[in-house]
Amino acid sequence: MPSDKAELAARIAILQPGDSVRGLIFKSVFGLVQQHAGANGMEKIRVGELDHDYAELRSYPAKELLLLMFAVADLLEGTLGSVEAVFQACGEVSITRYSTGPGMLIFGIISRGDPQKLFAGAQMAYSAAVSYGNREYLTTGTKSGTLRMRRDMMPPAYHVGILTGSLKVLGLTGKATARPQGIDRVEYDIQWA
């Protein structure tokens, strides 16, 4: 089933002027498209507002990332199984790339492989990639916690991908469960082994 265009419109409607995302995230998602749909897939999504080059460290309107993710969901849903699976894959590929670039400080030095420290630094980590939103992490157990996100308009499955991808980067397995409180407010329960 194609992505929900009413949801896309609602997410775009809550954007504020200046909400932006680093080009590295766009390039990560383009890499996912290239991997699963090749040059033909890239041609299908690089249209309209998305038909320009993206530099990794420059910031671009968050609206463009929403447009990109929903276009990619329509393109790759058949390959990855569902719109949610595509959003999750977008999040995972983004954090994997981020962890080897600007996120090296967070993943390598600050967290030292400890998920509690990594997620406690979520606000700092996200702030290096996006200009919007607030994140607060609460430890709920030795191998669990809850990340509260406010004023973040990306689909919850995208952040589930980021959170589970973060655990993979640390060499751990785990899961993240989204509990939406509103379109731009979600709590994520994270557990790992």
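Each value in this text was obtained by applying a stated rule to the coordinates, not by laboratory testing. Keep in mind it's a predicted model, so treat the numbers as computed, not measured.
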Using alpha-carbon coordinates, inclination of helix 83-99 to the longest axis of the chain, degrees: 60
By a straight-distance test (C-alpha under 27 Å), which lysines pair with residue 143 as possible cross-link partners, with residues fewer than eight away in the same chain excluded? 117, 168, 175
Lysines whose Cα lies under 17 Å from that of residue 27, excluding same-chain neighbours fewer than 8 positions away: 44, 63
So how tilted is helix 62-80 from the main axis of the chain? Cα-based, degrees 0 to 90, rounded to 10. 80
Of the residues 164, 96, 173, which exhibits the maximal mean-square fluctuation in a Gaussian network model of the chain defined by a 10 Å Cα contact cut-off? 173
Along the stretch 139-148, what does the Karplus equation 6.51 cos²θ - 1.76 cosθ + 1.60 (θ = phi - 60°) give for ³J(HN,Hα), rounded to whole Hz, x for Gly and Pro? 6, 10, x, 5, 10, 7, x, 10, 9, 9
Which whole-number percentage describes the relative contact order of the stretch 1-151, with Cα contacts under 8 Å and a sequence gap of 6 or more? 25
